[in-house]
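One structure below.
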Amino acid sequence: MADDFVPFGSPIYFTFLALLIFGRSMDFLSTWVATPNLVLEANPIARKMGWRVGLLFNVVICILFAVWPLPSVAVTTTSIMVASRNFQSAWLMRSMGEHEYRAWMGAQIHGSPRGLFLFCLCAQTALVGFVGTALMYFSGINLVPLGIGLGMITYAIAVLVYSFLAVRRAL
């Protein structure tokens, strides 16, 4: 069932722990490739924590959440989707430089109709959230599709919130 816990140290616990470590590692790697100095990190808490504290925090989260399957699948899904989004532009961020990329993006946003930017951002997140909602609705409360759907909705909300924060910083 979706709200069950698994015993700490059991084989299924280590399966969820491995999934969490993989997902969070991909998020960390993609962030490091994109913004090694965290200049472009949209999450102000992660930016303030830095790499070492962030790594320690994520290890603790993985160890604790691995006993709870639903959040494990949701966090893993969200992390993998964030990593995918990061890798999409990481090459450009790294090749331009963090400060230069931020200035360039700010200029692009300044030169675009604000309503168009907001429409596209909301459409992107709504479409991902729609698929996540459909997965959850049709999951029949089966853990994996329910957790993936929840992770997709969490990702959509995170993209919306952190994109707004990043745009606000860029302007």
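When the test is whether a residue is under 24 Å from Ser25 (Cβ atoms), within 14 Å of the chain's Cα centre (by Cα) and assigned to a helix (DSSP H, G or I), Thr125 does not pass it.
Entry remark, the range 20-53: residues being assigned to a loop (DSSP other than H, G, I, E, B) and touching a residue at least 24 places away in the same chain (Cβ under 8 Å) number 7 in total. Here the range 82-108 is the region considered, the condition is being touching a helix residue (DSSP H, G or I) at 6+ places or on another chain (Cβ under 6 Å) and among the hydrophobic types (A, V, I, L, M, F, W, C), and the residue that is surrounded by the fewest Cβ atoms within 10 Å (Cβ to Cβ) is Phe87. Does Ile80 meet the test of being closer than 23 Å to Leu17 by Cα and in a loop (DSSP other than H, G, I, E, B)? In short, no. For Thr35, indicate whether it is under 13 Å from the mean Cα position of the chain (by Cα), surrounded by 14 or more Cβ atoms within 10 Å (Cβ to Cβ) and at pLDDT 95 or above. Answer is no for this residue.
Residue-by-condition table, conditions (1) surrounded by 14 or more Cβ atoms within 10 Å (Cβ to Cβ); (2) closer than 28 Å to Gly147 by Cβ:
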| residue | (1), (2) |
| --- | --- |
| Arg24 | yes, yes |
| Pro44 | no, yes |
| Val53 | no, yes |
| Val59 | no, yes |
| Thr76 | yes, yes |
| Ile80 | yes, yes |
| Gly111 | no, no |
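The values are calculated or read from the model by the stated rules, or taken from the named source; none is laboratory data. Since the structure is predicted, the reported quantities are computational estimates derived from the model, not experimental observations. Reconstructed Cβ throughout: ideal geometry from the backbone, glycine too, with neighbour counts over all protein chains shown.
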